[in-house]
Number of protein chains: 2
Amino acid sequence: MKYSQSFIPTLREVPTDAIIVSHRLMFRAGMIRRLGNGLFTYLPLGLRSFRKVEQIIREEMNAIGSLEIKPTVVIPGEFWKESGRWDSMGEALLRVKNRLGADFVVSPTAEEAFTALVRDELSSYRQLPISLYQVNTKYRDEIRPRYGVMRGREFVMKDAYSYDADEESLEKSYQDMGRAYRRIFKRCGLSVISVKADSGAMGGSGSEEFMVESEIGDNTLLFCKNCDYAANVEKADCKPDYTAVSSASASTPPVEKIDTPNVKTIEELCSFLKTGAKTFIKTLVYRAVKVELQGTECEEAFFAVCIRGDLEINEAKLCALLKAAEVSLASEADVVRLTGAPVGFAGPVGLSQLKVIADPTVTAINDGVTGALAKDLHYKHVAYGRDFQAWMTADVRTVKTGDRCSLCGGDLYEKKGNELGHIFKLGYKYTKSMNVSYLDEKGARQIPLSGSYGIGLDRTLASIIEEHHDDAGIIWPLTVAPYHVIIVPIKYDGAMKAVADKLAENLERQGIEVLLDDRDERPGVKFNDADLIGIPYRVVIGDKNLAGESPKVEVKRRSESKSHLVELGKAAGELKEGIMAELAEMS
Amino acid sequence: MKYSQSFIPTLREVPTDAIIVSHRLMFRAGMIRRLGNGLFTYLPLGLRSFRKVEQIIREEMNAIGSLEIKPTVVIPGEFWKESGRWDSMGEALLRVKNRLGADFVVSPTAEEAFTALVRDELSSYRQLPISLYQVNTKYRDEIRPRYGVMRGREFVMKDAYSYDADEESLEKSYQDMGRAYRRIFKRCGLSVISVKADSGAMGGSGSEEFMVESEIGDNTLLFCKNCDYAANVEKADCKPDYTAVSSASASTPPVEKIDTPNVKTIEELCSFLKTGAKTFIKTLVYRAVKVELQGTECEEAFFAVCIRGDLEINEAKLCALLKAAEVSLASEADVVRLTGAPVGFAGPVGLSQLKVIADPTVTAINDGVTGALAKDLHYKHVAYGRDFQAWMTADVRTVKTGDRCSLCGGDLYEKKGNELGHIFKLGYKYTKSMNVSYLDEKGARQIPLSGSYGIGLDRTLASIIEEHHDDAGIIWPLTVAPYHVIIVPIKYDGAMKAVADKLAENLERQGIEVLLDDRDERPGVKFNDADLIGIPYRVVIGDKNLAGESPKVEVKRRSESKSHLVELGKAAGELKEGIMAELAEMS
């Protein structure tokens, strides 16, 4: 491909909203352009790398026997109503009414579409297991899309779904996917971290996230310094650093109400009472949307959540615990209405209007301090079990650096990460709600188990750039580079033109992808663009090196700082050999 | 690929709404399943052929230097407002509001998205011409989707857009596309008819449609028996079969009102007055939506359209004439309100409340009959020019079999066709409304010309089946077959299994795509499925033919009725040779 005949609008400047390096470089290298908020057009160069990522994913999916299908992007709302997600999914789901008043969604994920297909086609155990996937457009109506294609509204996802007769078969499907994912990321040149994850709104049990470390990652990950424990903070647990008590110790004085004028924060209270935060029972009021309470779905419910004063409540854990669509702190007005006091004075003692959820750390407090449900008043000498009972005791603690590993007791530490892939066992979640069944060997009706497995293509591509770049631009791994080689004649004219054309043709004939910079630009401009767009091999063709008995060209790896001269007659051979060897190594 | 490991749910039965053969066969062959009204999931076998069509299109687009990009499917509504199509497009445009109240469309075509990109990137004449395309999901909210993927709501379209500095360059872009389209359809094994087309809501001048003949085609095409005239009825014209008169002849008596009790149709009127339909001035009241009247856009306007009594008004012509978003017959109530009479008694004489559009055939009537704007009353002795004037005279005639060719006077005849592709010159349509410009050689600001070029992939695939099938199933052209060869061991066991596995492996190693029917089914079932799914080459491996000194296998083309025996040792070679030769011939 000649540079002048492609469309690679490289730029020196970047838009001010391009904060992360992949966004800046994709924009500057002419890979993408902004079409709207969170919406991007891939230009030819960007699309070439995008398609390579897509092809790697497709090959690895096919290799584990998953079959590609293509449902629509616009999906009838009826399926989402059947699964319950029409209501539970929240506003990120783009709902559409068509001209006839029928409901549709622009697919953000496709459990429903796949399950509806399998429901119609599955009749016998002999058809199981089934593993299907698509590589297709998705839309999630992010309120605040950012970081370029890393968190766009429209994106392309590979999503696979497995249907299995039993746990053992599901486990195999799940493990196959995990293996395929590891190969995919390896072939893309990505270092991924695999972590336990909360399966959130998706439900089900058994899940693994494939993360890349990133300063702007929207996931906090916990790792153990000692063992290989790795978990998303949304699910991370830790070794208890408390001892539960079953009743107040004999020495605990009765509860006493104390004046705490103008004391608002836990810090102020600590300094006022001259004690540590660990003796406080922090109590926050949460609003949960679409929560199941004793078997009945409730549109909205409020809870008082108690945790030890030095800790933070983890909303993801709370949300999963309540099987709610969403949880968030209650409004000031709701707090006043439900606790009888302004924000800052809630506590579990005498709290009649709210169900109390207590983190286990609270059950270890037998002489604590907490809000007294009135402005400027707290209780002291509060003991769990004696002065209040929890409606439910459950781990809602946000694990953090310094907590102890639940497996080995080692020190935990935090990193930020971005999720590229997620595999999880759904169990019966969709197959039950959507009435999928088959007849087993004995002719009895059974419900299949299923799993869901996704990889975001746009994010994967952006993450490759995050991991492979320098100040001058992108440094593509060969497997996903838009071209393998860029040929840069110092001037596209005379002998340099003839040599460049011939070398390009020779390489292309052998299946090497070549970009020939035929532009009438200064060499410096061409070199800068070559570095910016990150083509792995650069061949410079200059008059000086061509002159004399043994004409030479200059070959340089984008990832290395030094170039070397190669005899013209050997250049194609050397390049091909190097490229093929490297591609083989990464496959 | 082993049959048992794919997912090819063939069926004997078809849904009752599957009227056309491609819909029936795609369903029966397990290529597609219905997901919703006008929404289909491609299953593995269907998707393989789909991807082959896609690849052929991509290769031919690349071959003419068009560059692939990928805008989003969900497009900001602002661009559609700029172009004016947010209002003019009608209800087939799926409009969506997101959670923040922003307007979007689910793209039915992408003139706006491409033009917005080019507007941002184009600065100099040196960048022109630009030719860009995408292969991407589209949605058109058909009221009555039908015929399977032939007229679905969601579909995939290859749409290309060219931007050129002058007419000559646009002409070249247009001709390049036409040539690429002819190659695409040839490689898909399709016989296409190329016709002049009305460019409808798209505007612009110079367009060509690529049609396949089809009984259920939603286009009527006119052909000349004598020359190569071919046109869509929406644009077809014919040689005048009348002579315009400038005034009533001296012998025409004055207009006279006559009683026509209980006479409603033109036929009844003819028999009542004992005259032919050619003397009637048929007058219909039309409602036009978003029509431009003397430079002002009007939300809704009504017109009386007059044509000679034996002819039909062509709404596509009328719509194009008025540059309206939509035209349709006025409601009964509107007719009464505007003409003062029930439907059936409209006429141009004395009609004050409506603008009259007259087909030229009406200008030739100097002693005609027409409605008298009152129930059961008509006028006779009506003469154009004397008794009424048209606001506008324009060709709105539906040309039909028996009319004369406008080029050579030959007989015209009709066929039904389905549009697979459409190329047209948009001129300045979008570049002007969306303010695209560049600086020419002299530094002067210029607006580029553009063209728009589409091919529907789903329709193309379905049309291949319409053209290539028999009673037993599909007969795939090799270029788009899901697999080249199906190997059918009579029983997948013992020597037959060993031979089948080895042959499959041998062929696959050579790049031949093989489906190996390893199912435990009766040979009849396997043969029927092989015929139904239409794999071009079938190799049957049976014990009898394998026995003896020189083991043989039976090879049969799907398109031929006879099979022949081939020595086992030569089978792979013969198959490969035949397949490669045929692929080369079709390329």
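The values are calculated or read from the model by the stated rules, or taken from the named source; none is laboratory data. Since the structure is predicted, the reported quantities are computational estimates derived from the model, not experimental observations. Cβ sites come from the backbone with ideal geometry, for glycine too, and all protein chains shown count toward neighbours.
Numerical summary
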read-out	value
Test: residue in the range A:117-125 that is surrounded by fewer than 21 Cβ atoms within 10 Å (Cβ to Cβ), of a type in the set (A, V, I, L, M, F, W, C) and touching a Ser or Thr at 6+ places or on another chain (Cβ under 8 Å)	yes
Subset of the range A:141-171 (residues that are at the interface with chain B (Cβ under 10 Å from one of its Cβ atoms) and either among the aliphatic types (A, V, I, L, M) or assigned to a helix (DSSP H, G or I) (or both))	A:Ile143, A:Val156
Any hit, the range B:89-109, residues being in contact (Cβ under 8 Å) with a residue 60 or more places away in the chain, of a type in the set (Gly, Ala, Ser) and within 29 Å of B:Glu466 (Cβ to Cβ)	yes
Residues satisfying the stated conditions in the range A:532-580, i.e. more than 30 Å from A:Ser22 (Cα to Cα), among the polar types (S, T, N, Q) and surrounded by fewer than 18 Cβ atoms within 10 Å (Cβ to Cβ)	A:Ser550
A:Gly347 vs. criteria surrounded by fewer than 18 Cβ atoms within 10 Å (Cβ to Cβ) and either out of contact with any helix residue (DSSP H, G or I) (no Cβ under 7 Å at 6 or more places or on another chain) or among the aliphatic types (A, V, I, L, M) (or both)	no
Helices (runs of 4 or more DSSP H) wholly inside the range B:297-385 containing at least 2 residues that are more than 26 Å from B:Ser249 (Cα to Cα)	B:315-322, B:332-339
Number of the condition not met by A:Leu43 [criteria: (1) buried (at least 20 other Cβ atoms within 10 Å of the Cβ); (2) touching a strand residue (DSSP E or B) at 6+ places or on another chain (Cβ under 9 Å); (3) more than 9 Å from every other protein chain (Cβ to nearest Cβ); (4) within 30 Å of A:Ala504 (Cα to Cα)]	(3)
Count of residues meeting criterion [within 12 Å of another protein chain (Cβ to nearest Cβ) and in a helix (DSSP H, G or I)] in the range B:80-107	1
Selection count, the range A:9-45, where residues are closer than 24 Å to A:Val485 by Cα, among the small types (Gly, Ala, Ser) and over 21 Å from the mean Cα position of the chain (by Cα)	2
Residue among B:Trp86, B:Trp80 that alone is more than 30 Å from B:Ala481 (Cα to Cα), free of Cβ contacts under 8 Å to residues at least 60 places away in the same chain and crowded, with 23+ Cβ neighbours inside 10 Å	B:Trp80
Residue within the range B:65-76 that is of a type in the set (D, E, K, R), within 17 Å of A:Leu43 (Cβ to Cβ) and in contact (Cβ under 8 Å) with a residue 40 or more places away in the chain present	yes
Long-range neighbours under 6 Å by Cβ, at least six apart or interchain, first residue touching a residue at least 60 places away in the same chain (Cβ under 8 Å) within the range B:373-388, second of a type in the set (A, V, I, L, M, F, W, C) and assigned to a strand (DSSP E or B)	B:His378/B:Ile258; B:His378/B:Val369; B:Lys380/B:Ile258; B:Lys380/B:Val369
Hits in the range A:1-39 (condition: closer than 23 Å to A:Thr137 by Cβ, at the interface with chain B (Cβ under 7 Å from one of its Cβ atoms) and of a type outside the set (Lys, Arg))	A:Phe7, A:Leu35, A:Gly36, A:Leu39
Top-ranked residue of the range B:49-73 - restricted to ones that are within 23 Å of the chain's Cα centre (by Cα) and within 16 Å of A:Asn136 (Cβ to Cβ), ranked as farthest from the other protein chains (Cβ to nearest Cβ)	B:Glu54
Tabulated pairs, the range A:184-209, first modelled with pLDDT of 95 or more and surrounded by fewer than 17 Cβ atoms within 10 Å (Cβ to Cβ), second in a helix (DSSP H, G or I) and not aliphatic (A, V, I, L, M), C-beta under 6 angstrom, 6+ apart or interchain	none
Near pairs, Cβ below 9 angstrom, 6+ apart or cross-chain, from the range B:163-177 (closer than 12 Å to B:Gly206 by Cβ) to any residue that is in a helix (DSSP H, G or I)	B:Met177/B:Met61
Test: residue in the range B:111-123 that is away from chain A (no Cβ under 13 Å), outside any strand (DSSP E or B), over 30 Å from B:Ala18 (Cα atoms) and at pLDDT 95 or above	yes
Residue in the range B:48-67 that is over 24 Å from B:Phe185 (Cβ atoms), in contact with a Phe, Trp or Tyr (Cβ under 8 Å, 6 or more places away or on another chain) and surrounded by fewer than 23 Cβ atoms within 10 Å (Cβ to Cβ) present	no
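Each row is one residue, and each column tells you yes or no for (1) hydrophobic (A, V, I, L, M, F, W, C); (2) crowded, with 18+ Cβ neighbours inside 10 Å; (3) touching a Phe, Trp or Tyr at 6+ places or on another chain (Cβ under 9 Å); (4) modelled with pLDDT under 95.
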position	(1), (2), (3), (4)
B:Thr275	no, no, no, yes
B:Val291	yes, yes, yes, yes
B:Gly295	no, no, no, yes
B:Cys298	yes, no, no, yes
B:Ile313	yes, yes, yes, no
B:Lys317	no, yes, no, yes
B:Leu322	yes, yes, yes, yes
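Yes/no per residue for (1) crowded, with 18+ Cβ neighbours inside 10 Å; (2) under 20 Å from the mean Cα position of the chain (by Cα); (3) part of a loop (DSSP other than H, G, I, E, B):
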| position | (1), (2), (3) |
| --- | --- |
| B:Leu412 | yes, no, no |
| B:Lys415 | yes, yes, no |
| B:Leu426 | yes, yes, no |
| B:Asn435 | no, no, yes |
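This table checks each residue for (1) touching a residue at least 12 places away in the same chain (Cβ under 8 Å); (2) small (Gly, Ala, Ser); (3) part of a strand (DSSP E or B).
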| site | (1), (2), (3) |
| --- | --- |
| A:Ser452 | yes, yes, yes |
| A:Tyr483 | yes, no, no |
| A:Ile487 | yes, no, yes |
| A:Ala498 | no, yes, no |
| A:Asp520 | yes, no, no |
| A:Lys526 | yes, no, no |
| A:Leu532 | yes, no, no |
| A:Val539 | yes, no, yes |
| A:Ser550 | yes, yes, no |
